[in-house]
Ligand SMILES: *Cc1c(COP(=O)(O)O)cnc(C)c1O
């Protein structure tokens with residue numbers, strides 16, 4: 001068959017062990033997954049009520065324009081309805097952008113390490129990938145700007161960056177966007193927007209008015225706790241959205257997903273409570289890192305990248321045997337570190353106890 005050349009040797013996304021598998025393997029009663037930055041508090045109780053009471057006819061197609069959700073979201077963001085594009089998760093929007101703009105002969109610029117889907121999609125679409133090493137965990141925007149040439153189609157920015165958690169400095173971001181040529185699309189992936197507490201952060205939606213080449217990505221998967229429903233969205237000037245929209249599958253969000261996201265959007269007090277809980281969980285990790293002299297990046301997300309001073313794969317294995325699934329930095333391009341989703345107060349406490357045990361076994365701690 002006539003496969004695209006670039007598919008040669010490509011591997012599918014490797015899902016981690018399921019919690020049931022791990023339970024069986026190690027004879028554990030409970031297993032806590034702190035690996036995918038899902039919300040440890042789940043979702044709003046209003047969403048539970050909606051799910052119990054919904055009477056949706058699943059025999060008919062969903063509203064392909066997601067009108068109800070679109071109207072509410074536009075209002076809450078203070079933008080026009082035609083400035084929004086919905087995806088089956090923001091993963092799908094990354095794919096749409098890639099499909100619309102990337103092809104052999106063009107290049108695309110991103111940080112490394114960062115969210116792997118930018119690279120993955122760019123490779124499938126045959127574009128040259130230019131990766132710029134992070135500097136102390138942060139985007140090196142000067143070098144990224146240097147890398148732009150007449151063949152650059154898309155620059156990907158992830159803020160807070162997954163896996164380091166660092167926010168892009170507001171001043172540097174604005175300077176960078178001024179510098180980027182108008183014909184280059186700047187994607188600003190803000191999957192963890194709702195968790196940001198840094199007072200210097202300015203809502204990126206305000207950047208869109210003056211820049212027709214910027215698109216902001218957000219999602220209902222992280223703070224809203226709806227990862228299983230697959231709803232992400234993009235915000236940009238209406239002309240940009242109109243160019244991207246033909247790439248979208250016509251019915252890419254289910255009826256139930258649209259309904260759940262709409263209900264979740266209306267419960268801002270839940271998000272506020274999650275942000276507060278996340279801040280206090282962050283403090284637990286910070287205190288631990290300070291006490292044990294381990295480096296931790298200052299995170300603005302609901303996850304931490306923590307130094308372990310040992311082979312991160314060994315630490316991963318040790319923690320799994322004790323009932324916690326996290327991510328080894330070896331798989332993320334940050335060897336010597338683990339990425340852990342901030343859990344509930346009790347989960348964090350138990351996790352940090354187990355981590356101490358594992359690091360003692362590894363002779364990192366005396
Ligand atoms: C989780 C994550 C996404 C994907 O989110 P979905 O909306 O569930 O597809 C996108 N970008 C970053 C940086 C993420 O961490």
For 209, 2, 33, ascending order of other Cβ atoms within 10 Å (fewest first) is 2, 209, 33
Packing-ranked peptide list from 299-312, 34-47, highest mean Cβ count within 10 angstrom first, is 299-312, 34-47
Placing one equal point scatterer on each C-alpha of segment 172-251 and summing with Debye, one gets log10 I(q)/I(0) at q = 0.14, 0.19, 0.27 Å⁻¹ equal to -0.54, -0.94, -1.34
Taking R0 as 35 Å and r as the Cβ-Cβ distance between residue 321 and residue 291, the FRET efficiency 1/(1 + (r/R0)^6), rounded to the nearest 0.05, comes to 0.90
Taking only the alpha carbons of segment 207-365, the radius of gyration and the largest Cα-Cα distance, Dmax, both in angstrom, are 19.6, 58
Using the Kirkwood formula on alpha carbons, the hydrodynamic radius of segment 9-111 in angstrom works out to 18.8 Å
Averaged over all viewing directions, the convex hull of the alpha carbons in segment 248-309 casts a projected area in nm² of 6.7 nm²
Relative contact order of segment 130-208 (C-alpha contacts under 8 Å, at least 6 apart) in percent is 31 percent
Answer check: segment 55-267, Cα atoms, Kirkwood Rh, Rg/Rh ratio of 0.96
Relative contact order of segment 55-267 (C-alpha contacts under 8 Å, at least 6 apart) in percent is 28 percent
The exposure ranking of 99, 119, fewest beta-carbon neighbours within 10 Å first, is 99, 119
If the label point sits 7 Å along Cα→Cβ of residue 179, residues of segment 127-159 with amide N under 13 Å come out as 139-149
Per the chain, sqrt(5λ) over the Cα gyration tensor eigenvalues, sorted largest first, in Å, gives 32, 26, 21
Bridge orientation stat for segment 55-267 from DSSP, antiparallel percent rounded to 5, came to 35 percent
Counting only DSSP beta bridges fully inside the chain, the antiparallel percentage to nearest 5 is 45 percent
Rg/Rh over Cα atoms for segment 98-167, Kirkwood Rh, comes to 0.96
Under Stokes-Einstein, segment 1-46 at 10 °C and 1.306 mPa s, with its Kirkwood radius over C-alpha pairs, diffuses with a coefficient in µm²/s of 110 µm²/s
Mean Cβ-within-10 Å packing, highest first, puts peptides 279-285, 11-17, 324-330, 214-220 in the order 214-220, 324-330, 279-285, 11-17
Restricting to Cα pairs under 8 Å and 6 or more apart, the percent relative contact order of the chain works out to 22 percent
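We did not get these values from a lab; they are worked out from the coordinates using the rules stated. On a predicted model such as this, the values are computed, not experimentally measured, just so you know. Here the Cβ is made from the backbone with ideal geometry for all residues, glycine too, and neighbour counts use every protein chain on show.
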